[in-house]
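Written out below as structure tokens is the structure these notes cover.
The values are calculated or read from the model by the stated rules, or taken from the named source; none is laboratory data. All figures in this text were calculated on a predicted structure; none of them were measured in a lab. As a convention, Cβ positions derive from the backbone with ideal geometry for all residues, glycine included, and neighbour counts pool all protein chains shown. Note: areas computed on protein heavy atoms with side chains; ligands, DNA, RNA excluded. Shrake-Rupley method; radii C 1.70, N 1.55, O 1.52, S 1.80 Å.
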Amino acid sequence: MKFGEFPVYSALGVELTHDVKCQEKSLKKGHILTPTDIGLLKSAGIKTVVGAIFDSEDIHPQTAADILLKAIAGDFLRYTLPDENGYSEIFADTDGVLVFEPSRMNRFNAHCQNISLISLPAYLPVFKGQFIANLRLYGPAIQADLINEAITKISGNGALLKIAPYAFCKIAFIKTFVFDNFEHKPLSKAELERRFGIYGFDVIYHNLCEYNSLEIEKHVRNAIDCKAEVILVECPFPPLHQDDVVAKGFKEAAADIDSISWPLDSGLSVVIAHKNNIKLLGYAAHDTDLPAFDRLIRFLATKSLPSCDVFPSLAVNGISLSRLGKRITSEQIKKSVNITSLSNSTKIAVVILAAGSSGRMVGSNKLLEPLNGLAMVEHSVRSALASKADYITVVTGYDAKFIEKRLEKYDVKIVRNPDFISGVLGSIRLGLAVLPPDVIAAIVLPADMPAFDAGYIDRMIDTFNNATTKRPPVVMPSYNGVRHNPVLWPKDLFKAVKIIPEDSHWSPALIEHSDYIKEVVLKDDLALTDINTKGDLEKYKARTEAVLDAEKDLLALENDFSVLGEKS
């Protein structure tokens with residue numbers, strides 16, 4: 001194909017791509033110029049026209065679209081041939097779910113910039129007559145090899161788009177209850193048919209059972225024996241874990257758990273399982289009015305529930321129509337996190353580690369030991385609050401309730417590590433993970449360093465802010481050439497964070513980051529004391545009391561000199 005601007009004297013046989021006004025006559029788009037047309041154009045003073053001359057390998061858009069649409073449109077679809085702008089529209093020809101693999105769609109669209117297929121999101125419920133997609137071909141013609149190659153890209157798994165219509169599924173409905181003094185009655189078949197008839201379900205088994213895994217297993221097996229294709233188990237609570245009651249009942253009935261959640265607005269905590277071709281669904285009764293639940297049931301009703309590896313992609317474009325117009329409320333604004341420009345942020349956090357089990361302090365939790373009228377953990381928290389830090393997070397674990405009780409009067413964020421026994425690294429990463437997104441660095445401070453006060457924290461922050469290194473530095477205190485906890489980590493290293501081992505006196509820490517470590521040099525090592533044993537605690541108390549006594553003596557001496565000066 002030759003396309004472009006042609007001089008009128010050589011435009012014989014050119015197919016116009018735009019209307020041309022020629023004296024009293026109008027030559028329309030698509031018209032092929034004849035010798036008479038050339039004479040008219042010359043008489044009108046028109047020197048050039050825009051159009052194309054085709055060869056045997058060129059296919060006109062209408063023919064090309066017809067060829068492509070036969071490969072694109074599958075079950076229960078109908079389409080139109082291109083209009084004057086090159087659009088072919090595709091419509092659902094029955095109620096159901098739009099089914100296609102996004103990866104196949106991407107391959108098709110990436111092949112040629114002159115061919116574009118645009119559709120609704122995959123796996124969306126649709127109704128008969130609804131517009132679902134359009135194919136557009138750009139340009140006056142498409143080469144045959146491009147058409148053939150586009151079809152080859154999607155020829156291995158049948159038509160690209162199809163509708164999965166609602167099927168007449170045989171279902172079982174099992175309602176569970178928590179034992180109490182109220183009488184529980186199963187829903188009648190007539191009530192269930194009114195509830196599920198809209199999906200085309202035929203209820204062949206329904207019953208009521210106590211909310212425990214053994215009862216659920218028994219009724220699931222009964223439903224399977226009745227040839228149910230879908231088994232619904234309605235629960236008083238949302239399933240929360242693979243070993244929760246309903247999930248355990250499914251597994252005891254020899255079903256395989258597929259998923260513990262459904263990632264569509266507003267998000268459902270459900271158990272989705274299968275046994276051979278039978279689908280099982282466990283859900284909370286109070287979720288049945290949510291749009292996400294309706295959409296899940298529609299998948300089951302069309303027998304088109306995608307595989308689990310497709311579930312994450314459903315979250316994109318998964319917001320329900322009922323929430324698309326939602327706006328933040330004034331109450332939510334008060335409780336929300338405001339992110340301005342992350343690139344210009346200067347906010348620094350302190351993550352206080354208070355999850356350990358104090359294994360070496362036999363008989364007590366060291367963080368609850370009293371120091372000058374306060375628990376040890378309170379000293380670290382108060383120091384962080386008094387510093388320049390913008391956010392304070394405390395990670396608890398062992399004795400969490402007691403430590404959190406001590407801290408309830410302080411304005412800090414508390415996050416509990418349920419797996420604290422696995423080690424300190426998990427607590428560090430949990431503490432860093434919950435920080436607001438505008439934090440650019442964080443000091444990881446063990447709670448058993450009560451003498452590392454606000455002044456030292458501020459020195460670390462100032463060192464970070466005033467650094468002239470090409471990249472944000474790691475900041476650490478040092479004494480006599482040895483680096484110690486705590487460590488200030490820039491955000492880009494949060495995933496690599498490690499705590500300095502307690503034997504750092506002979507094993508220098510963070511050697512891989514040594515080219516951009518900045519040290520805060522201390523003249524005294526009291527602030528670097530970490531307390532692990534009762535002996536450490538007694539030594540620390542004796543040392544701090546000695547410091548206090550020295551300060552009192554110095555103050556008294558200063559007062560004496562002041563008195564003498566006044567007398568003289």
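Numbers at a glance
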{"item": "Net length gained if the chain between residue 327 and residue 539 were fully extended (0.36 nm per residue, minus Cα distance)", "result": "70.5 nm"}
{"item": "Of all DSSP beta bridges in the stretch 230-371, antiparallel share, percent nearest 5", "result": "60"}
{"item": "Cross-link partners of residue 251 among aspartates and glutamates (Cα-Cα below 13 Å; sequence separation of 8 or more within a chain)", "result": "215, 217, 243"}
{"item": "For peptides 438-448, 125-135, 248-258, 33-43, sequence by mean Cβ density within 10 Å, most packed first", "result": "438-448, 248-258, 125-135, 33-43"}
{"item": "Cα→Cβ-extended label distance, 7 Å offset, between residue 310 and residue 458, nm", "result": "6.0"}
{"item": "Distance from the stretch 191-206 to the stretch 32-100 (C-alpha centre basis), Å", "result": "47"}
{"item": "Cross-link pairs 170/303; 2/25; 128/303; 185/279; 366/413; 347/495 - those with Cα-Cα distance over 23 Å", "result": "2/25; 185/279"}
{"item": "Nearest-0.05 FRET efficiency for residue 118 and residue 185, computed from C-beta distance (R0 35 Å)", "result": "0.10"}
{"item": "Spin-label model distance (nm) - residue 66 vs residue 532, 7 Å beyond Cα toward Cβ", "result": "8.3"}
{"item": "Length gained when the stretch residue 21-residue 103 is fully extended (0.36 nm per residue, less Cα-Cα span)", "result": "24.9 nm"}
{"item": "Taking the C-alpha atoms of the stretch 255-408, convex hull volume expressed per residue in Å³", "result": "241"}
{"item": "Sequence of 18, 484 from largest to smallest accessible area, 1.4 Å probe", "result": "18, 484"}
{"item": "Dipole magnitude of the stretch 1-137, debye to nearest 20 (Cβ charges: Lys/Arg +1, Asp/Glu -1, about Cα centre)", "result": "280"}
{"item": "Global form of the stretch 166-304, assessed from the alpha-carbon gyration tensor, a/c cut-off 1.5", "result": "rounded"}
{"item": "Distant-in-sequence amide H partners of residue 209 (H built 1.01 Å from N, under 5 Å)", "result": "175, 176, 177"}
{"item": "Amide H contacts under 5 Å for residue 123, placed H, 5+ residues apart", "result": "98, 99, 100"}
{"item": "Hits among aspartates and glutamates - C-alpha to C-alpha of residue 21 under 19 Å, sequence gap 8 or more where chains match", "result": "5, 37, 84"}
{"item": "Rel. contact order, % - alpha carbon contacts under 8 angstrom, at least six apart, the chain", "result": "8"}
{"item": "Volume of the Cα convex hull of the stretch 108-201, divided per residue and given in Å³", "result": "169"}
{"item": "Potential lengthening between residue 212 and residue 492 on full extension [0.36 nm per residue; Cα-Cα distance subtracted]", "result": "96.1 nm"}
{"item": "Under-5 Å amide H pairs with residue 203, H placed in peptide plane, nonlocal only", "result": "171"}
{"item": "Descending principal axes extents, the stretch 244-297, alpha-carbon based, whole Å", "result": "30, 22, 15"}
{"item": "Rh by Kirkwood over Cα pairs, then Stokes-Einstein D for the chain at 1.567 mPa s and 4 °C, µm²/s", "result": "42"}
{"item": "Base-10 log of normalised Debye intensity for the stretch 323-462 (one unit scatterer per alpha-carbon) at q = 0.08, 0.17, 0.18, 0.22 Å⁻¹", "result": "-0.25, -0.94, -1.03, -1.37"}
{"item": "Proximal aspartates and glutamates relative to residue 523, as straight alpha-carbon distance under 15 Å, when same-chain residues fewer than 8 apart are discounted", "result": "453"}
{"item": "Spin-label pair residue 36/residue 385, simplified geometry with 7 Å Cα→Cβ offset, distance in nm", "result": "9.5"}
{"item": "FRET efficiency estimate (nearest 0.05) - Cβ-Cβ, residue 412 to residue 357, R0 25 angstrom", "result": "0.75"}
{"item": "Centroid-to-centroid separation of the stretch 402-420 and the stretch 436-501 [C-alpha atoms, Å]", "result": "22"}
{"item": "DSSP beta bridge pairing in the chain, given as percent antiparallel to the nearest 5", "result": "55"}
{"item": "Cβ-derived FRET efficiency at R0 25 Å, residue 149 paired with residue 83, nearest 0.05", "result": "0.50"}
{"item": "Charged-residue dipole, Cβ positions (Lys, Arg, Asp, Glu), the chain about Cα centre, Debye nearest 20", "result": "1040"}
